[in-house]
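Peer 1: My questions will all concern the structure given below.
A short reminder: the numbers here are calculations on the coordinates, not readings from a lab. None of these values were measured; they are calculated from a predicted model.
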Amino acid sequence: MSPTIKSGILDMTVAMVLSGTIGWFVLKSGQSPVNVVFLRCLIGAPVLALLARRAGMLTLLDWRRLLLAMLGGVALVLNWLALFSAYPLASISAATIVYNVQPFMLVGLGVLFLGEKVSASKLVWLGLAFVGMLAMTLSGPPVEGNAQGNYLLGILLAVAAAFCYAVAAFVTKRLKGTSPYLIALVQVLTGIVMLAPLADWQALPSAPQDWAMVATLGIVHTGVMYAFLYSAIQKLPVVLTGTLSFLYPVVAVIVDMSAFGHVLTPVQALGGAAILFAAIATTLNLAPRALLLPKRRVSQR
């Protein structure tokens, strides 16, 4: 394994571990989802601007690229709002796992707007993910004392977050050749403009520990995490990047269990495993038949 690949694996692992801890910081901040996202954008913007400048990529965008980046920013901000709202309702574990149906949303957008064809393999994995979604949705809430209606709302918000993220990713794909740091900077600046009128200025953090939580979300989970993520993407092949990205939900489940004692029910665990496996298979473009070939070869011997 080359030093570049090893470095990329380390970068991607750090990025995904950081992603998996976001839910803990969101809930511990004591802020509303709107305030959390607003402060994340406000604090993260200077960090991203510094990263873009150090990379020599702080340049002006033409109007088309700027508007596309802003559109992606709207989708990304809505994604954060929906996901952060889902955490207290469905638990970090359940919301994060359901959130990982986003690859299927992206495939759907490709079919609708780019005329891409869906292979039989992707339909199989979509069916498996749908079964997993049903298992997650129909099972009881993992948060003790939480009403079933709140849990279902949390699941729906996680699905909405996945769709918004898929839209943001779809738009970003149309910005090939543009600095990812610059795209991210435009996105968080868009978030500041969107949420400034909606933020509750009377309920901003008052305790130092609360400010520490939102500052970490802005500096570490927005600026530093983007740096590790983009560094990994530049060094790793797509297949390896896609595989390592699923460390995110694993870390989120571990954090949820350790910090809040939320343990998935057996039905939720099976449903979550189905969703994650289907998402991995879709990301890696695996064919169901290929998974059976080794067994067939063994039987022929």
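Peer 1: Could you state the number of Å between the C-alpha centres of segment 97-130 and segment 4-30?
Peer 2: Taking the Cα centre of each part, segment 4-30 and segment 97-130 sit 25 Å apart.
Peer 1: I need the phi-derived Karplus couplings for segment 94-108: 6.51 cos²θ - 1.76 cosθ + 1.60, θ = phi - 60°, integer Hz, Gly and Pro marked x.
Peer 2: 5, 5, 5, 5, 5, 4, 7, 7, 4, x, 6, 5, 5, 4, x
Peer 1: Starting at the first residue of segment 116-128, write each ³J(HN,Hα) from the Karplus equation 6.51 cos²θ - 1.76 cosθ + 1.60 with θ = phi - 60°, in whole Hz, x for Gly and Pro.
Peer 2: Computed from phi, the couplings for segment 116-128 are 5, 8, 9, 6, 4, 4, 5, 5, 5, 5, 4, x, 5 Hz.
Peer 1: Less than 29 Å apart at the alpha-carbon level, and either on another chain or at least 8 residues along: which lysines does that give for Lys176?
Peer 2: Partners found: Lys6, Lys117, Lys122, Lys235.
Peer 1: Can you tell me the equivalent ellipsoid semi-axes for segment 93-212? Use √(5λ) from the Cα gyration tensor, largest first, whole Å.
Peer 2: Working: eigenvalues 177, 141, 22 Å².
So the equivalent ellipsoid measures 30, 27, 11 Å along its semi-axes.
Peer 1: Run lengths n ≥ 4 of DSSP H only: what is the helix-derived mean residue ellipticity at 222 nm for the chain, with -39500 (n - 2.57) per run over all residues, to the nearest 500?
Peer 2: Details: 15 runs with 232 residues, N = 301.
So the helix-based figure for the chain works out to -25500 deg cm²/dmol.
Peer 1: How big, in percent, is the set of alpha carbon pairs in segment 1-132 lying more than 17 Å apart? Each step should come with its number before you reach the end.
Peer 2: Values: 6413 of 8646 pairs.
Beyond 17 Å sits 74 percent of the P(r) for segment 1-132.
Peer 1: Please provide three numbers in whole Å: the alpha-carbon extents of the chain along the principal axes, with the largest listed first.
Peer 2: For the chain, the Cα spread along each principal axis is 67, 49, 39 Å.
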